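Read through the structure below, which is laid out as structure tokens, and then see the notes.
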Amino acid sequence: MTAMRDRLVGALHYGADPFAGFPEGAYETDSQGWRSEHPYLSETIEMARPSLIVEVGVWKGGSTIYMADKAKSLGLDCAIVSVDTFLGAWEHWIIEQWRDSLKQKYGYPSLYYTFAANVIARGVADYVVPLPIDSNNAAEVMRHYGFSPDIVHIDAGHDRKAVLSDLELWWKLLAPGGYIIGDDYDPNMQVWPEVAMAFHEFFGTDRIENFDGKCRIRKMVGKL
Ligand SMILES: C[S@@+](CC[C@H](N)C(=O)[O-])C[C@H]1O[C@@H](n2cnc3c(N)ncnc32)[C@H](O)[C@@H]1O
């Protein structure tokens, strides 16, 4: 357990480790994700050597696990706060394949347990702190406790309003010199056009770098 994870568990979970006593084997693991092992995720950790990463949009934990693994392999005193309602976004409710992934029980998704099983099975529970609420509330909780992330990976809602809202919330909290990484960014707006639309509206186009479906922006010291 890193000192940062200890602090986070203390504040966000009142000191009770959220993974303690999880019944391993009771829930299936499932490594499905989208671009969860993108080079920006690992490269940015190498560059920034963060102590706090926030992921907004976690699903089954693919990208959380990839980043946790990287931070762990570098021996960083770091933790990842995994923000998700674990209820899915609208696209997961209207496309049958993803609807199955929600694994509803009596009408309520049990995606969180797939995520937890994955994190534990991959041996990175000591770097991960789930925050199973929506982005807006999560940002408020983090602000309340004075946590300022060095990296925020945004991969939650994919419509313009949702992305703009996430950018507003998390850019404010991001530490100076920190990075926002966004998923499903297509500068040509062929795929998920509203994601790029929101990024362009918020940042303009000049300061956004992108590679293979993700974009990255650095919060320069002294600049908004
Ligand atoms: C595309 S998936 C994330 C994929 C994940 N990063 C990976 O590597 O596989 C989007 C996730 O965002 C979550 N989500 C959507 N809107 C959200 C919101 N406003 N607050 C928190 N989570 C949200 C959904 O529940 C879903 O799990």
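The values are calculated or read from the model by the stated rules, or taken from the named source; none is laboratory data. Because the structure is a prediction, the values reported are computed rather than measured. Cβ atoms come from the backbone with ideal geometry, glycine included; neighbour counts cover every protein chain shown. Heads up: the accessible areas ignore ligands, DNA and RNA and are worked out on the full protein's heavy atoms, side chains in. Shrake-Rupley method; radii C 1.70, N 1.55, O 1.52, S 1.80 Å.
Dividing the helix sum by the residues of the chain, where each DSSP H run of 4 or more adds -39500 (n - 2.57), gives a mean residue ellipticity at 222 nm of -11500 deg cm²/dmol. Which net charge results for the neighbourhood of Ala68, defined as the other residues with beta-carbon distances under 11 angstrom from its beta-carbon, given Lys and Arg at +1 and Asp and Glu at -1? That sum, taken over residues with Cβ under 11 Å, equals +1.
Heavy-atom accessible surface of segment 1-143, averaged per residue, reaches 46 Å², computed with a 1.4 Å probe.
Between segment 118-196 and segment 51-72, what is the C-alpha centre distance in whole Å? Each part reduced to its Cα centre gives a spacing of 11 Å. Can you pull the percent of the chain's accessible area that's carbon plus sulfur, 1.4 Å probe, other chains left in place? That share works out to 51 percent.
Over the chain, all Cα pairs binned in 5 Å intervals from 0 give whole-percent P(r) values of 1, 7, 15, 20, 21, 17, 11, 5, 1, 0, 0, listed from short to long. Measuring with a 1.4 angstrom probe and ignoring ligands and nucleic acids, Asp100 comes out at about 110 Å² accessible. Restricting attention to segment 1-144, the count of lysine pairs at 8 or more positions apart or across chains with alpha carbons under 23 Å apart stands at 4. In straight-distance terms, cross-link reach from Lys172 covers every one of the lysines whose alpha-carbon lies under 23 Å from its own, apart from those fewer than eight places away in the same chain; here that gives Lys161, Lys214, Lys219, Lys223.
Would you please classify the overall shape of segment 151-213 from the alpha carbon gyration tensor, given that a ≥ b ≥ c denote the square roots of the eigenvalues, rounded means a/c under 1.5, and beyond that prolate means a/b larger than b/c while oblate covers the rest?
Details: a/c = 1.70, a/b = 1.37, b/c = 1.25.
Note, shape of segment 151-213 comes out prolate.
Based on alpha-carbon atoms, the Kirkwood radius and the radius of gyration of segment 67-170 give Rg/Rh equal to 0.98.
Within segment 84-125, the proportion of Cα pairs with more than 14 Å between them is 49 percent.
How high is the relative contact order of segment 101-175, in percent, with contacts defined as C-alpha pairs under 8 Å that are six or more residues apart?
That works out to 24 percent.
Of all DSSP-defined beta bridges confined to the chain, some 35% are antiparallel rather than parallel. Taken along its principal axes, the alpha carbon cloud of segment 1-94 reaches lengths of 39, 33, 24 Å, longest axis first.
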